[in-house]
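In what follows, a structure is listed as structure tokens, so that the remarks can point back to it.
We did not get these values from a lab; they are worked out from the coordinates using the rules stated. From a predicted model like this one, the values you see are computed outputs, not experimental measurements. Note that we place each Cβ from the backbone using ideal geometry, even for glycine, and neighbour counts take in every protein chain shown.
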Amino acid sequence: MFSFLHVADIHLDSPLRGLARYEGAPVEEIRGATRQALDNLVNYALENAISLIVLAGDVYDADCPDFQTLLHFGHQMSRLGEHGVQVVMIRGNHDADNSMTASLTLPDNVTVLPSAKPGTWRSPSLPVAVHGQSYAGREVATNLVRDYPSPVPGLFNIGLLHTALSGRPGHAPYAPCTLTDLAAKGYDYWALGHVHEFEQVAQAPHVVFCGCLQGRHARETGAKGCVRVDVDDQGQLLVEQVVLDVLRWILVDVNISGVRRLDDLYAAVASALRVALPPLGNRLAAVRLRLQGQCAAHARIVQDPDKVIAQIRLLATDLSRHRTWIEKVLLDTTPELDLAVLSQADTPQAGLLRALKALEQDPDELTALGLDLRDVQARISGSGLSLPDLDDPKTRSALVKDVRNMLIPMLAGASGASLEEDHAH
Ligand SMILES: [Mn+2]
């Protein structure tokens, strides 16, 4: 009976995308999240007397020319080495051989399998062989599995591979291969990396994505960590996720249909957070919060959206005792006004609504506005930004909807009648 840990996609010191600084946000702790998660991994291995860790690529997010990130990883490996823990790893697309200008020779307990061809490592203490191949360059378009060696008879054979199999949404299709290719090798366990979601893809043989060690942006929600595999004397496997993340990304939807006052909006946000945050335990929360619903409060939100967002941030800071970062607030509410009725009336708003409708439906109306965006286009060329395609009916419709949701309540509010309530409170 023995156990090992399967880890991948540590992306150490990866810059957290969209890290908006604001007073009260635990920015420094958030920045250190990938390091802290790696520390957690090492602590878990030492506390549980694990003697083998296999690492399926993407330790680093990118080249680390200042050596600090490499030093941090090396130091953690050394902690493992002091206790006799062996680490066998391959490089992935993010830390491919030719993309890392800076490198350090790692401590003796770490083996990096080669990139020119697959390599095999045999454990000095366990009945285990690990086979794997590192990425030589960022984009590996070939099926690497075919050249992997035959299993070593009498040993427990682990295949290490950085791949999206035959394709996984949101992940570049590197080192493509099928489950049939993997099964044909006759290994006992395939330790895969690259896909950031934990997934037990198959059981005969076991094919597993352990997921990333620490979520890094709003699309990487859910518990993150590594996988622990226990192999008993009959060769039966127990595969379980070990949660090691220190910062959890969550999407919180708040429906404020029918809400009139901003105070009631904030109360709805507070109760949604009181439900969403406790299951995270002591972890930091990175929250993308979405306000939805048809409501009179919409008119007040569009008058000063920055204030609404700041108030939500303060509220989250306060109720979580500085353990929450509101990454983004999506304002997806719609006005309470009945636009169909409004557009029938003989008022300036009705005329505006009809003009917007025409813009939405007829591209010639847009042309007739005489918009000339060539200058804007020229200025942003090469920046990676692009102008919305106004010839696309879906894009036009979405833009007009935004304009309508913003303009009509502002015009209605300009009469002043509906805005007194908050002040009277
Ligand atoms: Mn990758």
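Details
- The length gained on full extension between residue 334 and residue 346, counted as 0.36 nm times the residue separation minus their Cα-Cα distance, comes to 2.0 nm.
- For region 248-336, the Kirkwood estimate of the hydrodynamic radius, built from every pair of different alpha carbons, is 12.9 Å.
- Over 23 Å apart at the Cα level, from the set 307/328; 307/357; 224/307; 307/394; 117/224, are 307/357; 224/307; 307/394; 117/224.
- Summing Cβ point charges (Lys, Arg +1; Asp, Glu -1) relative to the Cα centre of the chain gives a dipole of roughly 320 debye.
- Set the Cα radius of gyration of region 195-262 against 2.2 N^0.38 Å, with N its number of residues, and you get 1.64.
- Region 308-418, Cα convex hull volume normalised per residue, Å³: 174
- Inter-site label distance for residue 223 and residue 367 at 7 Å from Cα along Cβ, in nm: 5.8
- Tilt relative to the chain, helix 33-47 - C-alpha long axis, 0 to 90 degrees, to 10: 40
- Most tightly packed first, judged by the mean number of other beta-carbon atoms within 10 Å of their residues, the peptides 312-323, 246-257 read 246-257, 312-323.
- For the pair residue 310 and residue 43 in one chain, pulling the backbone fully straight at 0.36 nm per residue adds 92.4 nm over the alpha carbon distance.
- Close amide-amide hydrogen proximity is noted between residue 92 and 58, 59, 135, each under 5 Å apart and 5 or more residues distant or on a separate chain (H modeled in the peptide plane; Pro and chain starts excluded).
- The slack in the chain from residue 142 to residue 403, taken as 0.36 nm per residue of separation less the alpha-carbon distance, amounts to 89.2 nm.
- Note on the chain: GNM, Cα springs under 10 Å; of 228, 396, 261, the largest mean-square fluctuation is that of 396.
- Computed P(r) (all Cα pairs; region 151-290; 10 Å bins; percent): 10, 31, 26, 17, 10, 4, 1, 0
- Candidates 198, 67, 209, ranked by Gaussian network fluctuation over the chain, Cα under 10 Å, top entry: 67
- Counting only aspartates and glutamates at least 8 places from residue 401 when in the same chain, those with an alpha carbon closer than 20 Å to its own are 304, 332, 336, 338, 360, 362, 364, 365, 389, 391, 392.
- For the chain, with +1 on Lys and Arg beta carbons and -1 on Asp and Glu, the positive-most of 275, 341, 235 along the dipole: 235
- Overall form of region 36-168 per C-alpha gyration tensor (a/c, 1.5; a/b vs b/c): oblate
- Size of electric dipole in region 303-365: Cβ of Lys, Arg +1 and of Asp, Glu -1, about Cα centre, debye, nearest 20: 580
- Highest mean packing comes first when the peptides 344-352, 383-391 are listed by Cβ atoms within 10 Å, giving 344-352, 383-391.
- Based on the convex hull around the alpha carbon atoms, the chain presents an average projected area of 25.8 nm².
- With contacts taken as Cα pairs under 8 Å at a separation of at least 6 residues, the chain carries a relative contact order of 13 percent.
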